[in-house]
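Below: the structure, in C-alpha cells.
The values are calculated or read from the model by the stated rules, or taken from the named source; none is laboratory data. Just so it is clear, the model here is predicted, and its values are computed rather than measured. Virtual Cβ from ideal backbone geometry, glycine too; neighbours counted across all protein chains shown. With ligands, DNA and RNA removed, areas are computed over all heavy atoms of the protein, side chains included. Shrake-Rupley method; radii C 1.70, N 1.55, O 1.52, S 1.80 Å.
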Amino acid sequence: MGRPKTKAELLSAAGENYGKLNELIASLSEKELSTPFDFSGDPKKTEAHWKRDKNLRDLLVHLYEWQRLLLIWVDANLSGEARPFLPEPYNWKTYGDMNVELWKKHQSTSLEDAKEMLEKSHAEVIALAEKFSDEELFTKGVYKWVGGTTLGSYFISCTSSHYDWAMKKLKAHIKNCKE
C-alpha cells in the first residue's frame, strides 16, 4: 500500500503496521531480546538513531514519545492554545537532540512498561484520528497550526511510517544476531 490518502487508509495502515510490529516483537528470541543493538559494523547506518537505541525498550519508548507529542499538539491546538509540534527549545533542525533527551528519560523504564505505554498511546492516537473527517485529515489549510502539510501526514508519521522504521531497525538487529 502506498502512503495513505484517506482516513480509512490511514487507520488501516496504522493498524496493519502496529500488528506487524507486535508480531515481529513476539517472534524475537531470548538472544535477540538480550543482545544490545549494535549497528556500528554497517557503514550505511550513519544516522544518529542507529547509535542511540540500544534495545527494544528504547525503540518502543521512542514511538510512544512521538505519539505523545502528536496527542498533546493536537489537543492543545484544538483547545485554542497555539503550540508547535516540537516542544521548546527544539525545532526540525534540532529534533535529534530532543530524541536523545527522550531516550535518557526512559533509561529506567522497563520493557513491559514500554510495551504497555505504546499500546495505550497507539489506541489514543487511533481514537483521535477517528474523530476527524477525510477533509480535516487530508486537505491542506484546514488547520492553520498544521502549517504547509496535512494533519493526516502527522498521524501517518507517528504511526504506520514510524512502525515501518522500527521494524527495519529490529530486522537489522535480528540479522546482526544471526551473523
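Yes/no per residue for (1) out of contact with any His (no Cβ under 9 Å at 6 or more places or on another chain); (2) in contact (Cβ under 8 Å) with a residue 40 or more places away in the chain; (3) of a type in the set (Val, Ile, Thr):
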{"residue": "Ser110", "(1), (2), (3)": "yes, yes, no"}
{"residue": "Ala123", "(1), (2), (3)": "yes, no, no"}
{"residue": "Lys131", "(1), (2), (3)": "yes, no, no"}
{"residue": "Phe138", "(1), (2), (3)": "yes, yes, no"}
{"residue": "Thr149", "(1), (2), (3)": "yes, no, yes"}
{"residue": "Gly152", "(1), (2), (3)": "yes, yes, no"}
{"residue": "Asn176", "(1), (2), (3)": "yes, yes, no"}
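May I ask you to verify whether Leu128 is in a loop (DSSP other than H, G, I, E, B) and open to solvent by less than 40 Å² (accessible area, probe 1.4 Å)? Against the criterion (in a loop (DSSP other than H, G, I, E, B) and open to solvent by less than 40 Å² (accessible area, probe 1.4 Å)), Leu128 does not qualify.
Checking the structure you have, find out if any residue of region 69-89 is open to solvent by 70 Å² or more (accessible area, probe 1.4 Å), more than 19 Å from Gly147 (Cα to Cα) and among the acidic types (Asp, Glu). There is no residue in region 69-89 that is open to solvent by 70 Å² or more (accessible area, probe 1.4 Å), more than 19 Å from Gly147 (Cα to Cα) and among the acidic types (Asp, Glu).
Kindly check whether there is at least one residue in region 74-90 that is among the aromatic types (Phe, Trp, Tyr) and in contact (Cβ under 8 Å) with a residue 40 or more places away in the chain. Looking for residues that are among the aromatic types (Phe, Trp, Tyr) and in contact (Cβ under 8 Å) with a residue 40 or more places away in the chain, one finds at least one in region 74-90, hence yes. Determine, yes or no, whether Trp66 is in a helix (DSSP H, G or I) and closer than 30 Å to Leu128 by Cα. Yes, satisfied.
For Ser161, the test of being within 21 Å of the chain's Cα centre (by Cα), farther than 30 Å from Leu33 by Cα and part of a helix (DSSP H, G or I) is failed. Gly96 passes every criterion in (1) closer than 22 Å to Leu170 by Cα; (2) under 18 Å from the mean Cα position of the chain (by Cα); (3) open to solvent by 70 Å² or more (accessible area, probe 1.4 Å) apart from (3).
Here is a yes/no grid of residues against (1) closer than 18 Å to Leu21 by Cβ; (2) at pLDDT 95 or above; (3) over 15 Å from the mean Cα position of the chain (by Cα):
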residue	(1), (2), (3)
Ser40	no, no, yes
His49	yes, no, no
Asp53	yes, yes, no
Leu60	yes, yes, no
Leu63	yes, yes, no
Arg68	yes, yes, no
Leu71	no, yes, no
Asp75	no, yes, yes
Ser79	no, yes, yes
